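Here's the structure, in structure tokens; my notes come after.
The values are calculated or read from the model by the stated rules, or taken from the named source; none is laboratory data. As the structure is a prediction and not an experimental result, all values here were calculated from the model. Every residue, glycine among them, receives a Cβ derived from its backbone with ideal geometry; neighbour counts consider all protein chains shown.
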Amino acid sequence: MLAWIKKKWNYFAIAALLIFLILIPFDWFLSRYTSLMIIIGISTMVTVGLCLLMGYTGQVSLGQAAFYGLGAYFSAVLSKTYSLNPWLAMLIAALATGAFAYVVGYPIFKLRGNYLAMATLGIGLIMWILFNQLSQYTGGPDGMSGIPYLSIGGFTFDTNFKRYYLVWCFCLAILFLSQNIVRSRTGRALRAIHGNEAAAESIGINVNQFKLKIFVLSSVYASLAGSLFAHHLRHVSPQPFDFLASIKLVVMAVIGGLASIWGAIFGAGTTRFLSDEVLLGFNKYPQLDIIIYGLILMLVMIFMPEGLFIAIKSFTFWLKVNWRELPSIMKRKRKELPNQMKHIFRRLLLMRLWRKAEP
Amino acid sequence: MSQPILETKNLSKAFGGLIAVDKVDLTIDTGKITAIIGPNGAGKTTLFNLIAGVYPQTSGEILFNGKPLKHSPWYVRAVQPKLNKKIFEDKLQRHDASHKRAALGIARTFQHVHLFGNMTVLENVMTGQHPRSKYGFFGAALRLPKARHEEEMINLNAIKYLNMVGLGKYTNQNALSLPLGQQKLLAIARALATEPKLILLDEPGAGLNALEKRELSDLIKRIREMGITVVLVEHDMPLVMGIAEWIIVLDSGKKIAEGTAAQVQKDRKVIAAYLGEEVDSAEG
Amino acid sequence: MSADQFVQYLMSGLTQGSIYALIGLGFTIIYAVTRIINFAQGEFVMLGGMLSYVLAVKEGLSMPLAIIIAVLAAAAVGAVMYLLAIRTARRASVISLIIITIGAAIFIRGIAGNRFGVNTVSPPDFTGSGSISFLGAYIEPQALWIIGITFVVTTLLYLFLSHTMVGKALRACAINPGAASLVGINTKAMSLIAFAIAAAIGGIGGVVIAPLAMASYNMGVMLGLKGFVAASIGGFMSPITTVIGGVVLGVVESLAVGLDWGPFTSAYKDVIALVVLLLILLIRSGKLAAAERAG
């Protein structure tokens, strides 16, 4: 019985997660976090795209908030100013954002080397400037309000409770779709690119086109998330789509694990929880959030380059296999430590002497 | 006698001032095992890279089944001779035709194996089926029936190729957990999975012991029996002389001799090229 | 646009371009020696500007002393960043290094924002204010300082790289790190020196631009991007071409705004940098990648 549970561990974990998620908005459970969880769900959608991009193409987008913002603004403008059906607006927004990502990405991915980072950084900044400047369409720095709710038939998503389930349906759908993609021929092609580009090319995989497709996919995810965001707050302004927002998304992806799908929930969740709950209380220490993000990015990428979540998973896996030997390992480490320190000191000393002896 | 599967006419490749391949004319007959030999630095791997489409040639043509292999889109080819070549040469290097050549039926292996270390043995070979399958993002995301069917076929074919090279029992191991000799076999299985008409093997015997080399010879003969033309670059003379039906000798980028094993062994130019050269069959 | 106005915009473009050139030099040096694109470059500029203000105005040190300390501090930060963040990462992949430098950038920015506040500040001009008339245009003396110092720094850098042992060692690393270490050059030390020099130059840039264009804790991002564009134009390999790239970008920006061509009001002038960047990436970086493959 226990062995069967251990084997199907993945399914149990997902089932537990689903039950947890379903119960949150109820008052007797954790309903005061409903609003935060909506934002986490929306952020997860963007993060998954970013994780796929970073994990499978090895390139970073430092301007993902631009696509997020495009989705939000397209939805806002189309559904409010032009009174289009909000669902149609969302679809158009996703297509438009995807097309934009395609056009921008096409020349960049044709190049070897990593120019996506700077290019997306620039795009993110430009988009933010445009959101601020094109006030006739976007309402300028104050943004625009009065965006309609989403509704199906007569059912309107007008409370946090209802929108929570809507957002998480979208989010989980995207996670499942992404998982299907990764486990398929397409996913193998992506992992091949990640593993060895030259070999992937030699067996018929058009590397540049795949990278571009993932970039477009990530932009579409971000756009959908942005649309949901607009219909949640019913107000859009440039503020949530600035450079810092793009950085936060990278932090989410880094914590969630590059090339990880379910880790995106973890990444988005912890980062959002950190920024929207924990750090609000530290007003006396300004910019603390930025400092922490910087530290997280540096420390995680130095010591756990696959991402925090994946490192944790690997560690628990190692633990699962080796838990019996833990006490003996600890004893051994404690014995070895003074020796190791001696070793390090000796080496440092030798280096100092050797350098002094050089002409 | 059918049309040669591969021909090169006046093929040259220069890297800056270094001429790696110098006006080489080759004819590879369909269905035969051809070996390309020569001292180190003779341009053999460069030749493979040109045929496989890794980079464009500086001049000359490559014909596959009579049709020339182009490296750049028509609009670049139209404009390129009229403009400063240097500006476009980098652009050309960006237009990667090698993935298209795999679809056309040219497969290759690498000197340094280049397996996908983040996948299992089976997945490596399944990835090789990429040009012979079709379903894409939508089919994958929604798990359409056509996609699932194709996936089953891919799985079965991959197992078939794995069994063909003798790695059938290692399907779920990580690819890099295999010893070098078996990694090379895996690379060949992966190349076979692309269902090629022509397969280029770059030093398949390097790093193998005598037994493994014998198994490799048998494998190459079996590949030939499948109707696939084999071209291999090798340093191990006994291996080459044992299976090659035609041998081409390169030295410093030029073709200096070709013929059957007996003819080539006696050719004076070939002996001169190798004189003082260590033909070390155990080099990796 | 009249001739006078043209000269005016040309001069302001030259001034801005000098700053971009200095920042670009930082990118170029680090990239050439370590093959890393240092996203924190703009933050070194910010540090130079902010520190010179804080030291000169808040702490009351004399201007020259404040400048020297600011530049040295920036260099120190660059060195520490290399030692703690880059060197410890060892064989990190390209994407890891990018994220690490980004992390360092926002970390530095956060600390600066925390210590110095979020206000925009302006240290005093080096020499008195009051425009000087020059070829029909009015130019601030600070702008002359900027152009002059950029020229001096570039010349010194060029001489350093071509005539000193360390400079030649740096160039050796840039051309072929493997061969360089084989002939006894300590590539790790060279990388450290590259970071320190790049940070120092960035700091100098910050120090000279702050009196003219003001400084704030978040000025690093946009400036870094523009410096990157300048370095891209220059091909990331030579200080001279980088400076040319910076000046070209500055002048193009300035003229585009001045010509009032299309939507390029001053708010949009940053868009120009991106457009130039994409064009440069298309044209120039092919050579960059080809050089990467050869080296």
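Overview of results
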| quantity | calculated |
| --- | --- |
| Within the stretch B:20-76, considering residues that are assigned to a helix (DSSP H, G or I) and not β-branched (Val, Ile, Thr), the one nearest to B:Lys197 (Cα to Cα) | B:Ala52 |
| Single residue of A:Ile291, A:Ile265, A:Ile310, A:Ile329 found to be away from every other protein chain (no Cβ under 14 Å), in a helix (DSSP H, G or I) and crowded, with 16+ Cβ neighbours inside 10 Å | A:Ile265 |
| The one condition in (1) within 7 Å of chain A (Cβ to nearest Cβ); (2) touching a Leu at 6+ places or on another chain (Cβ under 6 Å); (3) of a type in the set (A, V, I, L, M, F, W, C) that B:Val125 fails to fulfil | (1) |
| Any pair with Cβ under 6 angstrom, 6 or more apart, that starts in the stretch A:167-188 at a residue that is within 12 Å of A:Leu224 (Cα to Cα) and ends at one that is buried (at least 23 other Cβ atoms within 10 Å of the Cβ) and acidic (Asp, Glu) | none |
| Residue, modelled with the lowest pLDDT, within the stretch B:241-268, restricted to residues that are of a type outside the set (Ser, Thr, Tyr) and surrounded by fewer than 13 Cβ atoms within 10 Å (Cβ to Cβ) | B:Arg268 |
| Which listed residue, of A:Gly124, A:Gly153, is at the interface with another protein chain (Cβ under 10 Å from one of its Cβ atoms) and among the small types (Gly, Ala, Ser) | A:Gly124 |
| Yes/no for C:Ala199 being under 28 Å from A:Gly63 (Cα atoms) and modelled with pLDDT under 90 | no |
| Filter result for A:Ala65 (away from chain C (no Cβ under 14 Å), assigned to a helix (DSSP H, G or I) and small (Gly, Ala, Ser)) | no |
| Selection count, the stretch C:32-43, where residues are in a helix (DSSP H, G or I) and either within 19 Å of C:Ile147 (Cα to Cα) or at pLDDT below 90 (or both) | 4 |
| Residue list for the stretch A:19-55, restricted to those being closer than 18 Å to A:Met301 by Cα and either at pLDDT below 85 or in contact with a Cys (Cβ under 7 Å, 6 or more places away or on another chain) (or both) | none |
| Candidates A:Ser227, A:Ser219, A:Ser237, A:Ser275 - the one that is within 14 Å of chain C (Cβ to nearest Cβ), over 10 Å from the mean Cα position of the chain (by Cα) and polar (S, T, N, Q) | A:Ser275 |
| Flag for C:Ala73 being more than 30 Å from A:Ala253 (Cα to Cα), surrounded by 22 or more Cβ atoms within 10 Å (Cβ to Cβ) and away from chain A (no Cβ under 14 Å) | no |
| All positions within the stretch B:181-218 that are small (Gly, Ala, Ser) and farther than 19 Å from B:Ala244 by Cα | B:Gly181, B:Ala187, B:Ala189, B:Ala191, B:Ala193, B:Gly207 |
| Candidate set from the stretch B:54-72 (those that are at pLDDT 85 or above and under 15 Å from B:Ala107 (Cβ atoms)); member that is nearest to the chain's Cα centre (by Cα) | B:Phe64 |
| Residue in the stretch C:20-46 that is surrounded by the most Cβ atoms within 10 Å (Cβ to Cβ), counting only those that are of a type in the set (S, T, N, Q) and under 14 Å from C:Leu170 (Cα atoms) | C:Thr28 |
| Selection count, the stretch B:128-141, where residues are more than 7 Å from chain A (Cβ to nearest Cβ) and not polar (S, T, N, Q) | 4 |
| Tally of residues being surrounded by 23 or more Cβ atoms within 10 Å (Cβ to Cβ), assigned to a loop (DSSP other than H, G, I, E, B) and of a type outside the set (Phe, Trp, Tyr) across the stretch A:98-138 | 0 |
| Filter result for A:Ser184 (within 11 Å of chain B (Cβ to nearest Cβ) and either at pLDDT 85 or above or surrounded by fewer than 21 Cβ atoms within 10 Å (Cβ to Cβ) (or both)) | yes |
| Number of positions in the stretch B:214-240 that are of a type in the set (D, E, K, R) and either within 25 Å of B:Phe64 (Cβ to Cβ) or crowded, with 21+ Cβ neighbours inside 10 Å (or both) | 6 |
| Selection from the stretch A:187-213 of residues that are more than 8 Å from chain B (Cβ to nearest Cβ), buried (at least 20 other Cβ atoms within 10 Å of the Cβ) and either of a type in the set (Phe, Trp, Tyr) or under 17 Å from B:Met119 (Cα atoms) (or both) | A:Leu190, A:Ile193, A:Phe210 |
| Number of the exception - A:Val254 against (1) touching a Phe, Trp or Tyr at 6+ places or on another chain (Cβ under 9 Å); (2) more than 29 Å from A:Gly139 (Cβ to Cβ); (3) surrounded by 24 or more Cβ atoms within 10 Å (Cβ to Cβ) | (1) |
| Matching residues, the stretch A:129-150, being closer than 14 Å to A:Leu78 by Cα and within 14 Å of chain C (Cβ to nearest Cβ) | A:Gln136, A:Tyr137, A:Thr138 |
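For (1) closer than 25 Å to C:Val94 by Cβ; (2) in contact with a helix residue (DSSP H, G or I) (Cβ under 8 Å, 6 or more places away or on another chain); (3) touching a residue at least 40 places away in the same chain (Cβ under 8 Å), each residue gets a yes or a no:
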{"position": "A:Thr81", "(1), (2), (3)": "no, yes, yes"}
{"position": "A:Asn85", "(1), (2), (3)": "no, yes, no"}
{"position": "A:Leu91", "(1), (2), (3)": "no, no, no"}
{"position": "A:Ala99", "(1), (2), (3)": "no, no, no"}
{"position": "A:Val104", "(1), (2), (3)": "yes, yes, no"}
{"position": "A:Tyr115", "(1), (2), (3)": "yes, yes, no"}
{"position": "A:Thr138", "(1), (2), (3)": "no, yes, yes"}
